[in-house]
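One structure is given here, and the rest of the page talks about it.
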Amino acid sequence: MKKKYAAVVLLTGVLMLNSCAANNSDSSKATVTDDIKSSGSVFAMDTYMTITAYGQNGKKGIEAAQKEITKLEKLWSVTDENSEIYTLDHSGGTEVPVSAETEELLNFAIDMHWQTKGALDITLYPVLRAWGFTTGEYCVPDDSEISALLECKGVERISVGNGKAYIPKNTEIDLGAVAKGCAGDAAAKALKEHGVTSALLDLGGNIQTIGDAKPDGTKWKVGIRDPFGEGSIGTLAVGECAVITSGGYERFFEKDGVIYKHILDPETGRPADSGLASVTVIGKEGRLCDALSTSLYVMGLDDACAYWRDSVDLEMILISDDGGVYVTEGIAENFSPKVENVTVIER
Ligand code: AMP
Ligand code: MG
């Protein structure tokens, strides 16, 4: 369970905004304009999100970004009866109208399913529900229930185009693996459209930045969460990019001494047991990093490395169940680990 967010549930839909002069560490070399620091928070997509923007356009930019995030949540929530995804999931096999945003994300998720050889599968929702990951009412489904539910999955069952989407009765989808990254991209776009050139978006631990450096000229510093405890295993210095992490620690339950984690292997319908404790993907596009952090976690170390070797403009930090840290060569120099066992992955 995302315990750390429980206390902020009451903030759903509420944006808190404030502006002030940046503190000295952030503003030592800043111009007068950059000295203004605004921040806003919102609870959306089951997570607490904060945006910090520098410069005089920050406040307006944050308001626009928050509106985008809220709009997308309303489209993609699986529990809001008015959302497009809820409507699709309850369509009983009839075609439903969808917005351009939903059509685009569905097409992207389908494409990523094939690119990741099935590791990303947005039609796993009924299986996730059987495990209780959608409600927090956890249970271990029996083999026959999982097999029956797996019969209903398959992205090839989705038809999408011309403002409409269709899934057959008994197939249900959930965009949880890609929505936050996509919302981050939309929020960053809204900030930029309002003239913001320097900002940090923290969408429940998924980081997206605007600007190749902070106003003081230094790189953004992103902590890489320790999947085995509190705190970080190191810090990554980045320019403008998305840094998105998937890990079993984000949502799990224990039954009879066994830990069950929320990312499922679409082949088995059971929690992925690939030997990875967390996967961080660094790249330009939030939705791509989000799709990949989930699916590379399912694939495991070797297949994730193979995927990376075939890719461009992507970097990764993988942490294995035995505590090994694997960093791709493109970011190795920018990573300051707090641990010893770091391996650099080469092309
Ligand atoms: P993320 O935090 O981006 O890794 O997304 C994890 C969420 O995606 C889970 O909480 C589920 O809602 C959903 N999910 C779990 N396993 C998969 C999978 N293999 N493919 C697509 N979505 C998944
Ligand atoms: Mg993801």
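The values are calculated or read from the model by the stated rules, or taken from the named source; none is laboratory data. Since the structure is predicted, the reported quantities are computational estimates derived from the model, not experimental observations. Reconstructed Cβ throughout: ideal geometry from the backbone, glycine too, with neighbour counts over all protein chains shown. Note: accessible area is taken over every heavy atom of the protein model, side chains too, but ligands, DNA and RNA are not part of it. Shrake-Rupley method; radii C 1.70, N 1.55, O 1.52, S 1.80 Å.
Of everything in the stretch 212-225 that's touching a residue at least 40 places away in the same chain (Cβ under 8 Å) and closer than 17 Å to residue 281 by Cα, which residue is surrounded by the most Cβ atoms within 10 Å (Cβ to Cβ)?
Top of the filtered list is 224.
Got a sec? Which of 61, 136, 132, 93 is under 21 Å from residue 189 (Cα atoms), open to solvent by less than 40 Å² (accessible area, probe 1.4 Å) and not aromatic (Phe, Trp, Tyr)?
Sole residue among the options that is under 21 Å from residue 189 (Cα atoms), open to solvent by less than 40 Å² (accessible area, probe 1.4 Å) and not aromatic (Phe, Trp, Tyr): 61.
Each row is one residue, and each column tells you yes or no for (1) of a type in the set (A, V, I, L, M); (2) touching a strand residue (DSSP E or B) at 6+ places or on another chain (Cβ under 9 Å).
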site: 35; (1), (2): no, yes
site: 45; (1), (2): yes, yes
site: 50; (1), (2): no, yes
site: 54; (1), (2): no, yes
site: 68; (1), (2): no, no
site: 82; (1), (2): no, no
site: 86; (1), (2): no, no
site: 96; (1), (2): yes, yes
site: 100; (1), (2): yes, no
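In the stretch 226-249, which residues are open to solvent by 20 Å² or more (accessible area, probe 1.4 Å) and within 13 Å of ligand 1 (Cβ to nearest atom)?
Listed by number, the residues that qualify are 245, 249.
Kindly evaluate residue 149 against the criterion of being within 16 Å of residue 291 (Cβ to Cβ) and either part of a helix (DSSP H, G or I) or within 8 Å of ligand 1 (Cβ to nearest atom) (or both).
Taking the combined requirement at face value, the residue does not satisfy it.
Taking the stretch 102-124 as the region of interest, how many residues are buried (at least 23 other Cβ atoms within 10 Å of the Cβ), within 13 Å of ligand 2 (Cβ to nearest atom) and not in a loop (DSSP other than H, G, I, E, B)?
3
I need every pair where a residue in the stretch 324-347 that is among the hydrophobic types (A, V, I, L, M, F, W, C) has its Cβ under 8 Å from the Cβ of a residue that is in a loop (DSSP other than H, G, I, E, B), sequence separation at least 6 or different chains.
Close Cβ pairs satisfying both conditions: 325/339; 325/341; 339/323.
Just to check your reading of the model, which residue among 238, 243 is within 16 Å of ligand 2 (Cβ to nearest atom), touching a strand residue (DSSP E or B) at 6+ places or on another chain (Cβ under 9 Å) and over 19 Å from residue 68 (Cα atoms)?
Answer to the check: 243.
Condition first: touching a helix residue (DSSP H, G or I) at 6+ places or on another chain (Cβ under 7 Å) and within 22 Å of residue 53 (Cα to Cα). Can you find one or more residues in the stretch 256-277 that meet it?
No, there is no match, as no residue in the stretch 256-277 is touching a helix residue (DSSP H, G or I) at 6+ places or on another chain (Cβ under 7 Å) and within 22 Å of residue 53 (Cα to Cα).
To keep it simple, each residue is scored yes or no on (1) part of a strand (DSSP E or B); (2) under 16 Å from residue 46 (Cβ atoms).
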{"position": "170", "(1), (2)": "no, no"}
{"position": "173", "(1), (2)": "no, no"}
{"position": "180", "(1), (2)": "no, yes"}
{"position": "188", "(1), (2)": "no, no"}
{"position": "209", "(1), (2)": "yes, no"}
{"position": "221", "(1), (2)": "yes, no"}
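Can you spot a residue in the stretch 73-83 that is closer than 22 Å to residue 220 by Cβ and either modelled with pLDDT under 95 or not acidic (Asp, Glu) (or both)?
No.
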